């Protein structure tokens with residue numbers, strides 16, 4: 001199930017944000033027994049580079065990512081750690 005979730009996250013982010021670099025790490029195993037993990041949703045870390053983020057403050061970048069993920073934030077993702085950069089920041 002976790003590999004499927006990672007692939008869903010990847011597809012949504014690629015479609016909406018056209019990243020030049022994208023790394024998705026499933027950290028769910030680090031949160032086993034955590035109260036927030038009991039509902040079966042996962043913990044993920046996303047590292048993404050996209051020109052869509054150029055000139056946007058951190059909060060706006062995160063909002064773009066949450067919008068791209070849509071309903072996955074309610075159905076599959078419990079926690080999401082984000083590192084979002086534009087290509088000119090790398």
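Could you grab the relative contact order for the chain? Cα pairs under 8 Å, six or more apart, rounded to a whole percent.
Reported as a whole number, the value is 34 percent.
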222 nm mean residue ellipticity, helices alone, for the chain (DSSP H n ≥ 4; -39,500 (n - 2.57); rounded to 500) | -10500 deg cm²/dmol
Just the number, please: percent antiparallel of the DSSP beta bridges in the chain, rounded to the nearest 5.
-> 45
If one takes the longest principal axis of the Cα atoms in the chain, at what angle in degrees, from 0 to 90 and to the nearest 10, does the Cα axis of helix 2-17 lie?
-> 20
Calculate how steeply helix 58-69 sits against the longest principal axis of the alpha-carbon atoms of the chain, using the helix alpha-carbon long axis, and give the answer as 0 to 90 degrees to the nearest 10.
-> 60
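Given R₀ = 22 Å, FRET efficiency for residue 51-residue 30 by Cβ-Cβ distance, to 0.05?
0.10
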For the chain, projected area of the alpha-carbon convex hull averaged over all directions, nm² | 5.6
Length added when fully stretched, residue 81-residue 23, from 0.36 nm per residue minus Cα-Cα | 19.7 nm
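Throughout, read-outs are computed from the coordinates displayed, never taken from laboratory work. Computed from a predicted structure; not experimentally measured. Positions of Cβ are generated from backbone atoms using ideal geometry, with glycine treated the same way; all protein chains shown enter the neighbour counts.
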